[in-house]
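**Q** After the structure tokens below, expect a handful of questions from me.
The values are calculated or read from the model by the stated rules, or taken from the named source; none is laboratory data. What you see is a predicted model; the values in this text were computed from it and never measured. Please note: Cβ atoms are built from the backbone with ideal geometry, for glycine as well, and neighbour counts cover all protein chains shown.
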Amino acid sequence: MEKRQFKFRRKDFNELRAIVCDRTGIQLKDGKEEMVYTRISRRLRALDLEDFRAYLNLLKSKDGDSEAIDFVNAMTTNLTRFFREGHHFTHMREDVLQSKVEGARAGVFDKKIRVWSAACSSGMEPYSIGMTILASLPKHANWDVRILATDIDTNMLERGETGIYREQDVDEVPPQLAERFVTIKDKKAHMSEELKSIVNFKHLNLMESWPIKQKFDVIFCRNVMIYFDKETQRKLVRRFMELLDEQGVLYVGHAESLTVAQPGLVPVGRSAFRMTSKLEAVG
């Protein structure tokens, strides 16, 4: 193994992962020691600190709150792509959106759609949601569509707000959607203004209070809960349920389906769950 630039003791690793868990709910296993060293070493160099002990002292000091943002950004994983787990978008189009459109025609539903993309990373997920919705709605029908896109990583949120990605990032976007919503310029993929106008990016830590009052037709929270312990997963699902509209749908990652199996939600597709009843207060 290559000699490390900074001394990194087991005690340092344990303290750092305790802070990660406290601030984000993410449980780092023993095998993540090298990952933590690599990512936090960049912060030591940026701050011109001599070792991990000095960095820990900074995080614990009265001035630590400002560094905590960069610390969390460094420690969170941002694996994402357009139309990841495409069966969710198919289900949303053929089930949720079709039902909304038919209900609106019958006068049962308002022409309003609300979706929350929780842990949205750099924005590829909410933009995929937006493309699916806009392409599914009747043209010139004056639908009110709003997508809330939240993440703990401020760097990813800034990237999402620009709506600009690498050209190869949009390879997974269906051609008919890319033609309408994506413009390639100087080897960069630009999301259309029509698409960007319905996505609202906000900073949010899922482990803290949520300043969210509205109900959602759909909530996406995929490949996030796998990093939390079972009790945190259970509570998080219950909090999502409180914000789902009647018959609302929750989409989770393919490895998270067992976490969602609890009263009030029934499976309606691959890692897709629908609200079936009012729930009791979160315990």
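**Q** Within the group 212, 219, which residue is in a loop (DSSP other than H, G, I, E, B), surrounded by 13 or more Cβ atoms within 10 Å (Cβ to Cβ) and modelled with pLDDT of 85 or more?
**A** Result of the check over 212, 219: 212.
**Q** Only one of 177, 157, 195 is within 22 Å of residue 224 (Cα to Cα) and surrounded by 12 or more Cβ atoms within 10 Å (Cβ to Cβ). Can you tell me which?
**A** Every option except 157 fails the conditions.
**Q** Could you figure out which of (1) surrounded by fewer than 20 Cβ atoms within 10 Å (Cβ to Cβ); (2) in contact with a Lys or Arg (Cβ under 7 Å, 6 or more places away or on another chain) isn't true of residue 202?
**A** Every listed condition holds for residue 202 apart from (2).
**Q** While we're here: When you check residue 29 against the structure, is it charged (D, E, K, R) and free of Cβ contacts under 8 Å to residues at least 24 places away in the same chain, yes or no?
**A** Taking the combined requirement at face value, the residue satisfies it.
**Q** Does any residue in segment 207-219 that is in the same structural domain as residue 116 (by TED's automatic domain parsing) and under 20 Å from residue 233 (Cα atoms) come within less than 6 Å, Cβ to Cβ, of a residue that is charged (D, E, K, R) and outside any loop (DSSP other than H, G, I, E, B) six or more places away or on a different chain, and which pairs are these?
**A** What qualifies is 216/114.
**Q** Something else: Identify, from the list 95, 144, 151, the residue that is assigned by TED's automatic domain parsing to the domain that holds residue 243, within 17 Å of the chain's Cα centre (by Cα) and more than 18 Å from residue 182 (Cβ to Cβ).
**A** Among 95, 144, 151, only 151 is assigned by TED's automatic domain parsing to the domain that holds residue 243, within 17 Å of the chain's Cα centre (by Cα) and more than 18 Å from residue 182 (Cβ to Cβ).
**Q** Scan segment 128-150 for residues that are assigned to a strand (DSSP E or B), of a type outside the set (A, V, I, L, M, F, W, C) and within 18 Å of residue 110 (Cβ to Cβ) and jot them down.
**A** Across segment 128-150, the qualifying residues are 144, 146.
**Q** Follow-up. For segment 180-197, does any single residue satisfy the condition of being in contact with a helix residue (DSSP H, G or I) (Cβ under 8 Å, 6 or more places away or on another chain), in a helix (DSSP H, G or I), farther than 28 Å from residue 95 by Cβ and in contact (Cβ under 8 Å) with a residue 40 or more places away in the chain?
**A** The answer is no, given that none of the residues of segment 180-197 is in contact with a helix residue (DSSP H, G or I) (Cβ under 8 Å, 6 or more places away or on another chain), in a helix (DSSP H, G or I), farther than 28 Å from residue 95 by Cβ and in contact (Cβ under 8 Å) with a residue 40 or more places away in the chain.
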